[in-house]
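Asks: Got a structure here, written out as structure tokens. Questions coming.
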Amino acid sequence: MPESAPRDTLKTGAGWKAAVLKPRDRARVSLLPVRVGPHLVAIEAMRIIAVFPGAVYVGEDDPKKPVRRVDLHGILGVSGTQSCETIVARADDRTGRGDGPRVAFAIDGAERLVTLPLEALGPFPPVAREQIQVDFLVGVVNEPDRTSFLLDPARLSRWAAALEAGRARGAEEDARGR
Amino acid sequence: MAEGPPFDFPEARPYGSSQENPVRNVESGPLVDPADLVRAGAEMRASLQGDTETEPEITLIRFELGGEQYAIRLEAVTKIERVPSIVAVPRTPPFVKGIASLRGEVVCVVDLRALLGAPSSESAPRGLLVLGEGPRRVAILSDVLPDYFRAKESGLVPAPHRGGDAILSSGFERDEGFVGVIDSKKLMDVLERRFDA
């Protein structure tokens, strides 16, 4: 399999540079809307490091920049399409390409970057907030013509870690039971 | 010198005892007889008591799920809408159909079919009832556009036992069939309880 390389355009257009160069604009937020199965989720652009072609992240692991691979489709219970891409994002509360943990997950396609006023972001409405079973979808992005869910990569990484730990513990208990 | 009163003085009579009551005989017209006042007061009291004994009616918004009819008190319904575009929320129980933006306000849309044990319907839902205010707002789907009816509270009968009896304990027997009445407060309590997706 050929080595993955970041895409040239990232489908983010001119807004990408603007988002990176103007981090002090606190009244607005730049988001990358991505499709995961039938769902549209948005990720804060500042937390994304790269978008790679393919459903599997095959980049080299730097001990200072460990990458956790997460099956987002599996966690959300949806199936992926042929045109999968992989997002690598920061798995801590920092931004930029410096040292620190990362999280990689497959998506079904990224759209163009959007810059929205902070008022477009809000929490889940009652009932949905109580009933949603994952904590990495942290809110709702309400654009005039569509609605998406805000995904926090750091929480996704922690969720996946807990899931792995739970599975490992379960496997251990199964082994002891035998 | 003749004996007798020096002037003609009318004989004193008890008030109201005769047609010759001097007060009634004045030319300026009759004054209100206290007896009339007492009688009018009695009639007024009787009519007021009659009003309180008449049971006031309640207004209910009727909706439909899988051919079964349900209703919810008007006070619990904030607005009625046509079904907007609904965005499915991942990893939620089946009764959470998703979220919808109603003129900029995002609400959770719920299909009560699973909670009430109502059968599924072939046609797409057409109506949406928005319940509650502020932090407890939720929208429920209806197969038809909701309408309303008025009924006396004493007409409520216990609902037949079914899966959703926690939120549906009573209803009305009407010409068109049984209309189950949903307790909006209990409904919110159930919806905010954690379910497994």
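The values are calculated or read from the model by the stated rules, or taken from the named source; none is laboratory data. From a predicted model like this one, the values you see are computed outputs, not experimental measurements. Neighbour counts run over all protein chains shown; Cβ positions are idealised from the backbone, glycine included.
Asks: Looking at region B:130-147, is at least one residue touching a Cys at 6+ places or on another chain (Cβ under 8 Å), at pLDDT 90 or above and not in a loop (DSSP other than H, G, I, E, B)?
Replies: Yes, because at least one residue in region B:130-147 is touching a Cys at 6+ places or on another chain (Cβ under 8 Å), at pLDDT 90 or above and not in a loop (DSSP other than H, G, I, E, B).
Asks: Another question about this same structure. Closer than 27 Å to A:Arg129 by Cβ and either within 11 Å of chain A (Cβ to nearest Cβ) or touching a residue at least 12 places away in the same chain (Cβ under 8 Å) (or both), is that true of B:Ile72? Talk me through it step by step, then tell me what you get.
Replies: Numbers: closer than 27 Å to A:Arg129 by Cβ: yes; either within 11 Å of chain A (Cβ to nearest Cβ) or touching a residue at least 12 places away in the same chain (Cβ under 8 Å) (or both): yes.
When the stated conditions are applied, B:Ile72 passes them.
Asks: Return the residues of region B:169-184 that are exposed (fewer than 14 other Cβ atoms within 10 Å of the Cβ) and touching a residue at least 12 places away in the same chain (Cβ under 8 Å); say none if nothing qualifies. Show your work before the answer.
Replies: Residues of region B:169-184 that are exposed (fewer than 14 other Cβ atoms within 10 Å of the Cβ), as a first pass: B:173, B:175-177.
If the condition is that a residue be exposed (fewer than 14 other Cβ atoms within 10 Å of the Cβ) and touching a residue at least 12 places away in the same chain (Cβ under 8 Å), then B:Glu173, B:Glu176, B:Gly177 are the ones that fit.
Asks: Please enumerate the residues belonging to region B:104-125 that are within 12 Å of chain A (Cβ to nearest Cβ), part of a loop (DSSP other than H, G, I, E, B) and out of contact with any strand residue (DSSP E or B) (no Cβ under 8 Å at 6 or more places or on another chain).
Replies: Selection gives nothing.
Asks: Now, a different point. Checking the conditions here, which among A:Arg102, A:Arg69, A:Arg94 is in contact with a Lys or Arg (Cβ under 7 Å, 6 or more places away or on another chain) and not β-branched (Val, Ile, Thr)? Walk me through it before giving the result.
Replies: Numbers: A:Arg69 fails: in contact with a Lys or Arg (Cβ under 7 Å, 6 or more places away or on another chain); A:Arg94 fails: in contact with a Lys or Arg (Cβ under 7 Å, 6 or more places away or on another chain).
Within the list A:Arg102, A:Arg69, A:Arg94, the selection yields A:Arg102.
Asks: Can you confirm whether region A:70-91 contains a residue that is touching a Gly at 6+ places or on another chain (Cβ under 7 Å), surrounded by 15 or more Cβ atoms within 10 Å (Cβ to Cβ), of a type in the set (A, V, I, L, M, F, W, C) and within 13 Å of chain B (Cβ to nearest Cβ)?
Replies: yes
Asks: Sort out which residues of region A:66-90 are within 21 Å of A:Ala165 (Cα to Cα) and either in a loop (DSSP other than H, G, I, E, B) or touching a strand residue (DSSP E or B) at 6+ places or on another chain (Cβ under 7 Å) (or both), and write them in order of number. First the steps, then the outcome.
Replies: Step one: filter region A:66-90 for residues within 21 Å of A:Ala165 (Cα to Cα), giving A:66-77, A:90.
Answer for region A:66-90, where residues must be within 21 Å of A:Ala165 (Cα to Cα) and either in a loop (DSSP other than H, G, I, E, B) or touching a strand residue (DSSP E or B) at 6+ places or on another chain (Cβ under 7 Å) (or both): A:Pro66, A:Val67, A:Arg68, A:Arg69, A:Val70, A:Asp71, A:Leu72, A:His73, A:Leu76, A:Gly77, A:Arg90.
Asks: Okay, next question. Could you list, in sequence order, all residues of region B:60-94 that are closer than 15 Å to A:Pro125 by Cβ and β-branched (Val, Ile, Thr)?
Replies: B:Thr78, B:Ile86, B:Val87, B:Val89, B:Thr92 - these are the residues of region B:60-94 that are closer than 15 Å to A:Pro125 by Cβ and β-branched (Val, Ile, Thr).
Asks: Can I ask one more? Being among the hydrophobic types (A, V, I, L, M, F, W, C) and touching a Gly at 6+ places or on another chain (Cβ under 8 Å) is the filter here, so list the residues in region A:55-69 that pass it. Spell out the reasoning first.
Replies: Let us first name the residues in region A:55-69 that are among the hydrophobic types (A, V, I, L, M, F, W, C), namely A:55-56, A:58, A:67.
Matches in region A:55-69: A:Ala55, A:Val67.
Asks: Restricting to region A:127-157, and then to whatever is surrounded by fewer than 21 Cβ atoms within 10 Å (Cβ to Cβ), part of a helix (DSSP H, G or I) and in contact (Cβ under 8 Å) with a residue 12 or more places away in the chain, can you tell me which residue is farthest from the other protein chains (Cβ to nearest Cβ)?
Replies: Among residues in region A:127-157 that are surrounded by fewer than 21 Cβ atoms within 10 Å (Cβ to Cβ), part of a helix (DSSP H, G or I) and in contact (Cβ under 8 Å) with a residue 12 or more places away in the chain, the one farthest from the other protein chains (Cβ to nearest Cβ) is A:Ala154.
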